[in-house]
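S.K.: Dumping the structure here so I can ask a few things about it.
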Amino acid sequence: MKIGIVTFFHDMNVGTCLQAYALQKTIEKYGYEVEIIDYRHDEITRVKETKREHILNVLKTYGNKKLFYYYKFKNLDENNRQAFLDFQEKNYHLSEKKYGKYEDLKEADEIYDKFVCGSDMIWAPSFDIDYKVFFLRFASARKRIAYAPSFGSAGLPENLQKEFETYIKEFSALSCREQSGVNLIKDCYGKNAEFVLDPTQLIGKAEWIESFGLNTKKSEKYILCYLFNSEYKDWYIELANSIAKRLGVSVRFFPLNRNEQLHEFQFHQKKYGPVEFMELVNNAEFVMTNSYHGFMFSLIFEKPFMVMSREKKLFWTQYEERFTSMLKLIGEEKRMIKYQQKVGDELFDINYEKINKKLNVYRKASMDYLYSSLVSMDEHE
């Protein structure tokens, strides 16, 4: 039987890439042929900077003294982009046909026996996407399975709440990545949905390391910062340096801006993709992040961590339910850090025996849900 996955997968975002891979890999373990549907919902044509423009931007960012670094990292963006492309080419099983519009996907209904939408925030409000695609409206209703899609928040704007009503009621198997999503579906639509874990949690630490040949040798001790833009970014870095000093370690970044790129490229490696991200997390002493999958891989590699609030960024504030839901599940709500909050030494220790005992219960339930959804649909063929 052939399964088609509909999710976000092609962005230069480690969480996007790793969740898509994890769901594909998990379904393959059940003996199914699996492809990620090559639907590009937000293709962007980027205009490359000229060499002169790039030099001017470097000067503006770093000043004259650091201009010479231009010649060392002028290809960094391309190196990073290639690291993502290499990961996707090596690990994804993409559909042979590429789809650009919802209407085009209707022919996929003849190619695949079942479709799984998820994971990631494919049902989140405020995203400029065609929701009909990510609710699998192009497919026969009996073929639709939802695995760990996320609304990202505990509520929906009125217009989307009405639009989603028909979509959600016509699934053969329904689940969500956050308990708040399960509650939303029940309260708004009267439907029962299963709470399931993000697909990255369905693959264990040892398998992640072995599958990608991760380098587990620690050449230095460091705390890792994986931090998306926020009004509080300067305070994050100040806090990171303070913690590093307390722990007697250095600060490393998975670079998401020019200053972080300069820091990393000057002193360390020359490219950053999904594999390099996993190595940085696995070898860290401590992780600071405001990324959902930075949080997920801290759990996978059993690292002490803190999740930094992006609370004043209105767009992302509505999506912090993603963190609070999971932190509550594992009993670690104290690891959600607000702006200017004092950080005590208790965050540097973490009991993963206790956390994994809880997560293992939900891992089994999540895998049982996915397997039974596919199998029960098999029986109706």
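The values are calculated or read from the model by the stated rules, or taken from the named source; none is laboratory data. If you're wondering where the values come from, they're calculated on a predicted model, not measured in any experiment. Cβ placement follows ideal geometry from the backbone for every residue including glycine, while neighbour counts extend to all protein chains displayed.
This table checks each residue for (1) in a helix (DSSP H, G or I); (2) at pLDDT 95 or above; (3) not assigned by TED's automatic domain parsing to the domain that holds Val375.
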site	(1), (2), (3)
His10	no, no, no
Gly15	yes, yes, no
Leu18	yes, yes, no
Gln24	yes, yes, no
Asp38	no, yes, no
Leu56	yes, no, yes
Phe68	yes, no, yes
Asp77	yes, no, yes
Pro125	no, no, no
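S.K.: Here is a further query. Suppose we filter the range 209-239 for residues that are in contact with a Phe, Trp or Tyr (Cβ under 9 Å, 6 or more places away or on another chain) and either under 21 Å from Asp349 (Cβ atoms) or assigned by TED's automatic domain parsing to the domain that holds Ala146 (or both); how many remain?
M.R.: Residues that pass the stated criteria total 5.
S.K.: Separate question: Evaluate the following for Phe195: is it in contact with a helix residue (DSSP H, G or I) (Cβ under 6 Å, 6 or more places away or on another chain) and buried (at least 21 other Cβ atoms within 10 Å of the Cβ)?
M.R.: Values: in contact with a helix residue (DSSP H, G or I) (Cβ under 6 Å, 6 or more places away or on another chain): yes; buried (at least 21 other Cβ atoms within 10 Å of the Cβ): no.
No: the conditions fail for Phe195.
S.K.: Which one of the conditions (1) touching a helix residue (DSSP H, G or I) at 6+ places or on another chain (Cβ under 8 Å); (2) in contact (Cβ under 8 Å) with a residue 60 or more places away in the chain; (3) surrounded by fewer than 21 Cβ atoms within 10 Å (Cβ to Cβ) does Ser175 fail to meet, given that it meets all the rest?
M.R.: Checking Ser175 against (1) touching a helix residue (DSSP H, G or I) at 6+ places or on another chain (Cβ under 8 Å); (2) in contact (Cβ under 8 Å) with a residue 60 or more places away in the chain; (3) surrounded by fewer than 21 Cβ atoms within 10 Å (Cβ to Cβ), the one that fails is (3).
S.K.: In the range 93-144, how many are within 20 Å of the chain's Cα centre (by Cα) and closer than 12 Å to Ile5 by Cβ?
M.R.: 9
S.K.: Looking at (1) among the charged types (D, E, K, R); (2) crowded, with 18+ Cβ neighbours inside 10 Å; (3) assigned to a helix (DSSP H, G or I), which one does Arg246 not meet, given that it meets all the others?
M.R.: Condition not satisfied by Arg246: (2).
S.K.: I'm trying to understand the selection: among the residues of the range 71-106, which are more than 22 Å from Ile27 (Cβ to Cβ) and of a type in the set (Asp, Glu)?
M.R.: Start the filter on the range 71-106 by keeping residues that are more than 22 Å from Ile27 (Cβ to Cβ), which leaves 71-86, 100-104, 106.
Correct list: Asp77, Glu78, Asp86, Glu103, Asp104.
S.K.: Select from the range 196-206 the residues that are within 29 Å of Phe151 (Cβ to Cβ) and either free of Cβ contacts under 8 Å to residues at least 60 places away in the same chain or charged (D, E, K, R) (or both) and list them in ascending order.
M.R.: Step one: of the range 196-206, the residues within 29 Å of Phe151 (Cβ to Cβ) are 196-205.
Answer for the range 196-206, where residues must be within 29 Å of Phe151 (Cβ to Cβ) and either free of Cβ contacts under 8 Å to residues at least 60 places away in the same chain or charged (D, E, K, R) (or both): Asp198, Lys205.
S.K.: Among (1) of a type in the set (Lys, Arg); (2) closer than 22 Å to Leu329 by Cβ; (3) surrounded by fewer than 17 Cβ atoms within 10 Å (Cβ to Cβ), which single condition is Lys162 missing?
M.R.: Looking at each condition in turn, Lys162 falls short on (2).
S.K.: Does Arg144 satisfy the condition of being basic (Lys, Arg), farther than 19 Å from Glu33 by Cβ and in contact (Cβ under 8 Å) with a residue 24 or more places away in the chain?
M.R.: Numbers: basic (Lys, Arg): yes; farther than 19 Å from Glu33 by Cβ: no; in contact (Cβ under 8 Å) with a residue 24 or more places away in the chain: yes.
No, not satisfied.
S.K.: Need pairs with beta-carbon distance below 8 Å; first residue within 22 Å of Glu231 (Cα to Cα) and within the range 332-352, second of a type in the set (Phe, Trp, Tyr) and modelled with pLDDT under 95; sequence gap 6+ or separate chains.
M.R.: Within 8 Å, the pairs are Met336/Phe323; Tyr339/Tyr232; Tyr339/Trp235; Gln340/Trp235.
S.K.: From the list Val281, Val287, Val249, Val307, which residue is aliphatic (A, V, I, L, M) and over 19 Å from Glu220 (Cβ atoms)?
M.R.: Working: Val281 fails: over 19 Å from Glu220 (Cβ atoms); Val287 fails: over 19 Å from Glu220 (Cβ atoms); Val249 fails: over 19 Å from Glu220 (Cβ atoms).
After ruling out the rest, the residue left standing is Val307.
S.K.: Within the set of pairs 6+ apart or on separate chains, which have a first residue in the range 252-263 that is more than 11 Å from Phe277 (Cβ to Cβ) and surrounded by fewer than 19 Cβ atoms within 10 Å (Cβ to Cβ), a second that is among the hydroxyl-bearing types (Ser, Thr, Tyr) and at pLDDT below 75, and C-beta atoms under 7 Å apart?
M.R.: Here the result reads Arg258/Thr61, each pair linking the range 252-263 to a residue that is among the hydroxyl-bearing types (Ser, Thr, Tyr) and at pLDDT below 75.
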